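Chemist: Quick one: the structure is below, questions incoming.
What follows draws every value from the coordinates through simple rules; no lab data is involved. Note that the coordinates shown come from a computational prediction; the quantities given were computed from them, not determined experimentally. Cβ: placed from backbone, ideal geometry, glycine included. Neighbour counts: every protein chain shown.
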Amino acid sequence: MGGATQKQTIQALIDTGFTGELSLPLHVAIPLGLQLTAATKVTFANGKESEEMLFTGTLDWGTTASRPVTINVFNSDTPLVGGGLLQGYVLLVDFDKKRLIIKEPGIDEPSVPPEVKKKSKK
């Protein structure tokens, strides 16, 4: 993840209810030097509406280096990956191993790993 002044590796939660691409906490976004591009009205899961600023940065995502990404900056503690960034990808959940697998279109075979298939047949 990068902006005009800095690049940083960021771990984020996947929020399938978030339709944007990426959401960053203010304290993470400021040092990156992201470019302000717009403002938009957002509606949260609790029904609360807010006018939020949108920024542009770059993201190394899958096999794509420095992909442009739209970033919502919220007053929160947790970075979020939304459905906009996952569009076209396959998301697999392995509950037993507590891991998520994101399959890239045209690169990864969008299938369930063999160890997960074995468990589901029991």
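Chemist: Tell me, what is the FRET efficiency for Ile30 and Ser76 to the nearest 0.05, using R0 = 22 angstrom and their Cβ-Cβ distance as r? Display every interim value, and only then the final one.
Modeler: Numbers: r = 14 Å, r/R0 = 0.63.
About 0.95, to the nearest 0.05.
Chemist: With a ≥ b ≥ c taken as the square roots of the eigenvalues of the C-alpha gyration tensor of the stretch 48-113, please select rounded if a/c is under 1.5 and otherwise prolate if a/b is larger than b/c or oblate if it is not?
Modeler: Working: a/c = 2.62, a/b = 1.53, b/c = 1.71.
Oblate, since a/c reaches 1.5 and b/c is not below a/b.
Chemist: Under the classification rounded if a/c is under 1.5, otherwise prolate if a/b is larger than b/c and oblate if not, where does the stretch 8-93 fall, given a ≥ b ≥ c as square roots of the Cα gyration tensor eigenvalues? Intermediate results must be reported in sequence, preceding the final value.
Modeler: On the way: a/c = 1.60, a/b = 1.12, b/c = 1.43.
The shape class here is oblate.
Chemist: What's the local net charge at Ser23, with K and R +1, D and E -1, over the other residues with C-beta under 14 Å away?
Modeler: Values: positive: none; negative: Asp15, Glu21, Glu52, Asp77.
Net charge around Ser23: -4.
Chemist: Kindly state, to the nearest 0.05, the FRET efficiency for Ser66 paired with Ala12, given R0 = 22 Å and r defined as their beta-carbon distance. Don't skip to the answer; put the middle values down first.
Modeler: Numbers: r = 18 Å, r/R0 = 0.81.
Efficiency, rounded to the nearest 0.05: 0.80.
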